[in-house]
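**Q** Sharing a structure below in structure tokens format, with a few things to ask.
The values are calculated or read from the model by the stated rules, or taken from the named source; none is laboratory data. Please read these numbers as outputs of a predicted model, since none were measured by experiment. Please note: Cβ atoms are built from the backbone with ideal geometry, for glycine as well, and neighbour counts cover all protein chains shown.
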Amino acid sequence: MGELMGVVDTAVTSPWFYLVLFAVAAVDGFFPVVPSESMVITAGVYAASGQPELAPVVVSAALGAFVGDHVSYLVGRRAGGRLVRGARPGTRRHGALGWARRTLAERGGLILVVARYVPGGRTAVTVTMGAVGFRLRSFSLFAAVAAVSWGVYGALLGYVGGVAFEDDPLKGVAVGLGLALGVTAAVEGVRLARRRRRGAGEAGRAGRGAVERGPGVRVGPLPGE
């Protein structure tokens, strides 16, 4: 374990680390199996001891995330034409695209910012925004907000762990990752609760509508009438 931490220490304190962090965060924007958040948190842990510096860590992570989100958006933009042409009116795909376009037009910025904290969710959202033709200027604005907030969030989580365990970076990383998992679980919990509440509300409205309309069964003349 000591040798592993020695390798991590050498890598994180290297002058090239900021460039590597930028690249990892960018790739994670369109290929979400790269552990960019763990890397940001680890950098934050070591930043508590002065190397690397916290501000460049935040800037590198945020710039990488911003670039990666735009790559994902452009992938969706290029594929969007084929999706729209292949979605015939009345089909399920056409309905799904219409729903996505309306939803993103109403609150796309909020969805983009929140999705930045959901594993895999940010890529699905950015690709979809490109596919449905969400305005690039608006996308860039909200992508910048999401990227900066995510960079600050990850680096500060690590920094808190680093301050708490200044002499044991491994425990600091564990604390930072634990906090990140807790926040992710909370976001997912709220999202699922809202979905269930919305589903229950729609079912209730449908039930009331059925009662108000009545069974709608036509009764014909009785025999002998």
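**Q** Would region 121-136 turn up any residue that is closer than 24 Å to V59 by Cβ, surrounded by fewer than 17 Cβ atoms within 10 Å (Cβ to Cβ) and not aliphatic (A, V, I, L, M)?
**A** No: zero hits.
**Q** Among the residues that make up region 42-58, is at least one of them crowded, with 19+ Cβ neighbours inside 10 Å, under 21 Å from R137 (Cβ atoms) and touching a residue at least 24 places away in the same chain (Cβ under 8 Å)?
**A** No: region 42-58 contains no residue that is crowded, with 19+ Cβ neighbours inside 10 Å, under 21 Å from R137 (Cβ atoms) and touching a residue at least 24 places away in the same chain (Cβ under 8 Å).
**Q** Of the residues that make up region 127-142, is at least one in a helix (DSSP H, G or I), modelled with pLDDT under 80, on the phi < 0 side of the Ramachandran plot and basic (K, R)?
**A** no
**Q** I'd like the full set of residues that are in a helix (DSSP H, G or I), within 15 Å of P15 (Cα to Cα) and out of contact with any Asp or Glu (no Cβ under 8 Å at 6 or more places or on another chain), limited to region 37-57.
**A** Selection gives A43, L54, A55, P56, V57.
**Q** Still on this structure, please answer the following. Going through A23, A55, A62 one at a time, which residue ends up being among the small types (G, A, S), under 27 Å from G121 (Cβ atoms) and out of contact with any helix residue (DSSP H, G or I) (no Cβ under 6 Å at 6 or more places or on another chain)?
**A** A23
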